[in-house]
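The values are calculated or read from the model by the stated rules, or taken from the named source; none is laboratory data. Everything numeric here is computed off the predicted structure, so don't read it as measured data. Backbone-built Cβ (ideal geometry, glycine too); neighbour counts: all protein chains shown. Remember, those area values only see protein heavy atoms, side chains included, never the ligands or the DNA or RNA. Shrake-Rupley method; radii C 1.70, N 1.55, O 1.52, S 1.80 Å.
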Amino acid sequence: MEFKRDIYQKLVQWKKDRTGRVLEVSGARQVGKTYILKKFARENFACVIYINMAELTGERFLKCLEQAEYWEPGMPVDENSLHKAVTLFAPEFQDTEETVILIDEIQESAKVYNLIRTFSRGFSSYVIVTGSYLGRILSKEFFLPAGDLDTLKMETLTFAEFTDIFGERERYESISLDGTSAPEEYQSLRKRYDLYQRIGGYPSVVLLYLSFGDLERCDAELERLMQTFVNESKRYFEDAMEASAFEELFHGIAVTLIKEKQGSGDLVEELSKIVYKEESGRFTKRMVHRAIGWLHASHIIGYAGKSINCDYLNIKENARFYFMDIGLARYFLTRAGAAEGVVKGIVAENFVYLALARRIPREIAGTSPWFGSYEKNNGELDFYVRSLLDFKNYGIEVKSEGGEGITAKALLHAGNLDYLYNLRGKSFGGVTEDGKVRSVPLYLADRIQFDLGK
């Protein structure tokens with residue numbers, strides 16, 4: 001079964017824009033990057049040249065590159081050696097706008113990655129590079145050609161894409177946020193969300209559910225995906241002890257989400273205490289830090305910052321973790337022993353975190369979503385947004401079922417917030433007479449607006 005992915009239209013637009021830069025597509029392993037890029041290439045170009053640096057095609061291309069670059073003293077320098085290498089690899093190659101060169105798993109070769117600038121400045125063809133472990137390119141042997149790259153990130157299936165599978169994308173995009181649509185429409189989308197928050201958006205997990213309707217098989221597939229990630233990640237770490245940290249970290253991250261609601265002062269130290277028991281001496285803080293960095297660079301986890309008193313000028317970065325797929329979040333929270341109600345609440349927050357992360361930096365200030373604190377009552381706001389559309393302050397309170405947020409109301413009353421969104425699992429939507437407080441169904445988090453002050 002083929003899933004429609006929103007990134008496809010972004011790829012089409014990139015082709016139309018013709019920036020002349022190489023496109024780098026990042027994303028976690030098994031989110032469907034290779035599939036969608038091959039589909040895009042086939043449907044939009046006359047000639048497609050595919051090279052996978054982790055497979056035989058990559059080995060062959062390196063041999064072609066070595067032959068094309070061969071030089072001895074006294075020989076003239078060939079300024080077009082890269083063109084020659086591509087031609088040796090694919091004799092049908094013509095350097096025109098009808099050709100796309102797709103290089104997969106590019107993190108496996110610093111030599112090829114370091115040619116991005118040459119591809120960008122010396123080729124008429126379109127060039128796309130991708131890989132599941134692009135965090136590898138932070139190593140010193142990789143040259144980062146920032147000015148020669150366009151970037152796109154691919155996620156697991158979003159809830160909007162998930163509704164498309166069931167023929168409900170139009171309903172999702174048109175249903176009213178303020179409760180004026182028919183009740184059965186909200187109920188239908190709530191049913192889809194209940195399933196989505198249970199299995200998440202990894203394509204292979206979703207496909208398993210559609211094929212068998214078996215939640216246990218979905219959990220087993222999530223476990224397989226993470227075990228594969230752990231095994232493959234070990235290739236990039238020389239120290240076996242550091243490589244073994246990943247499996248422990250998943251549990252530790254889930255525990256930090258369960259334990260704290262104010263944001264840890266030092267996440268690395270907190271994880272060390274929870275997972276490794278520092279007195280054992282097995283792991284150092286540096287090891288933990290490197291493992292966390294790898295999980296972040298591999299798009300398995302994301303950070304959230306903490307805004308003191310909902311002040312966009314008083315931010316403590318990297319104060320909380322979230323998982324980059326809510327099925328994954330539920331899986332590890334459940335394994336950590338959290339009760340069902342606790343799991344649902346944290347998964348709901350994780351869902352909104354991902355919705356906000358998609359809107360940075362176009363609509364929302366910061367480099368990652370923020371949660372808020374309020375010193376007057378020592379309370380917390382689930383999320384705080386400083387809008388780049390109207391430069392107003394928005395609070396977001398998240399409840400998987402219902403309930404009220406005392407701190408959110410206090411911040412609004414004190415003037416720290418201009419508007420408040422209450423995202424509720426069972427709400428159909430509504431708005432106060434002054435328009436300052438809006439209740440919106442939780443599953444429509446991607447559709448809330450941050451331009452109310454215009």
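Below are the figures for this structure:
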{"item": "Search result, residues across the range 47-78 that are touching a Lys or Arg at 6+ places or on another chain (Cβ under 9 Å) and among the small types (Gly, Ala, Ser)", "result": "68"}
{"item": "Residue check, residue 385 open to solvent by 10 Å² or more (accessible area, probe 1.4 Å) and among the β-branched types (Val, Ile, Thr)", "result": "no"}
{"item": "Answer residue from the range 342-359, given it is over 16 Å from the mean Cα position of the chain (by Cα) and touching a residue at least 24 places away in the same chain (Cβ under 8 Å) and is least open to solvent (accessible area, probe 1.4 Å) among those", "result": "348"}
{"item": "Any hit, the range 284-299, residues being assigned to a helix (DSSP H, G or I), modelled with pLDDT under 75, closer than 29 Å to residue 153 by Cα and open to solvent by less than 20 Å² (accessible area, probe 1.4 Å)", "result": "no"}
{"item": "Residue match in the range 379-394 (condition: under 30 Å from residue 224 (Cα atoms), small (Gly, Ala, Ser) and in contact with a Leu (Cβ under 9 Å, 6 or more places away or on another chain))", "result": "no"}
{"item": "Residue check, residue 29 basic (Lys, Arg), under 15 Å from residue 101 (Cα atoms) and touching a Ser or Thr at 6+ places or on another chain (Cβ under 6 Å)", "result": "no"}
{"item": "One residue from 362, 335 being among the basic types (Lys, Arg) and without any contact (Cβ under 8 Å) to a residue 60 or more places away in the chain", "result": "362"}
{"item": "Residue 365, sole failed condition from (1) among the aliphatic types (A, V, I, L, M); (2) under 21 Å from the mean Cα position of the chain (by Cα); (3) open to solvent by less than 10 Å² (accessible area, probe 1.4 Å)", "result": "(3)"}
{"item": "Residue in the range 391-412 that is surrounded by fewer than 22 Cβ atoms within 10 Å (Cβ to Cβ), within 15 Å of residue 308 (Cβ to Cβ) and either free of Cβ contacts under 8 Å to residues at least 60 places away in the same chain or of a type outside the set (A, V, I, L, M) (or both) present", "result": "yes"}
{"item": "Single residue of the range 56-96 satisfying the filter (of a type in the set (Asp, Glu) and open to solvent by less than 100 Å² (accessible area, probe 1.4 Å)) that is farthest from the chain's Cα centre (by Cα)", "result": "72"}
{"item": "Those residues of the range 320-341 which are open to solvent by 10 Å² or more (accessible area, probe 1.4 Å) and either of a type outside the set (Gly, Ala, Ser) or more than 17 Å from residue 301 (Cα to Cα) (or both), in sequence order", "result": "324, 330, 331, 332, 334, 335, 337, 338, 339, 340, 341"}
{"item": "All positions within the range 229-252 that are among the hydrophobic types (A, V, I, L, M, F, W, C) and either modelled with pLDDT under 75 or under 12 Å from residue 291 (Cα atoms) (or both)", "result": "230, 237, 240, 241, 243, 245, 246, 249, 250"}
{"item": "Criterion: touching a Lys or Arg at 6+ places or on another chain (Cβ under 8 Å) and under 30 Å from residue 429 (Cα atoms) - qualifying residue of 171, 198", "result": "198"}
{"item": "Failed item in (1) in contact (Cβ under 8 Å) with a residue 60 or more places away in the chain; (2) under 30 Å from residue 223 (Cα atoms); (3) surrounded by fewer than 13 Cβ atoms within 10 Å (Cβ to Cβ), with residue 31 passing the rest", "result": "(3)"}
{"item": "Elements of type helices (runs of 4 or more DSSP H) in the range 152-263, at least 2 residues being within 23 Å of residue 303 (Cα to Cα) and open to solvent by 30 Å² or more (accessible area, probe 1.4 Å)", "result": "215-233, 245-259"}
{"item": "Residue within the range 99-108 that is of a type in the set (Val, Ile, Thr), within 25 Å of residue 9 (Cα to Cα), open to solvent by less than 20 Å² (accessible area, probe 1.4 Å) and over 27 Å from the mean Cα position of the chain (by Cα) present", "result": "yes"}
{"item": "Failed condition for residue 380, given (1) assigned to a helix (DSSP H, G or I); (2) surrounded by fewer than 23 Cβ atoms within 10 Å (Cβ to Cβ); (3) not polar (S, T, N, Q)", "result": "(1)"}
{"item": "Of all residues making up the range 52-87, the number that are part of a helix (DSSP H, G or I) and closer than 23 Å to residue 130 by Cβ", "result": "15"}
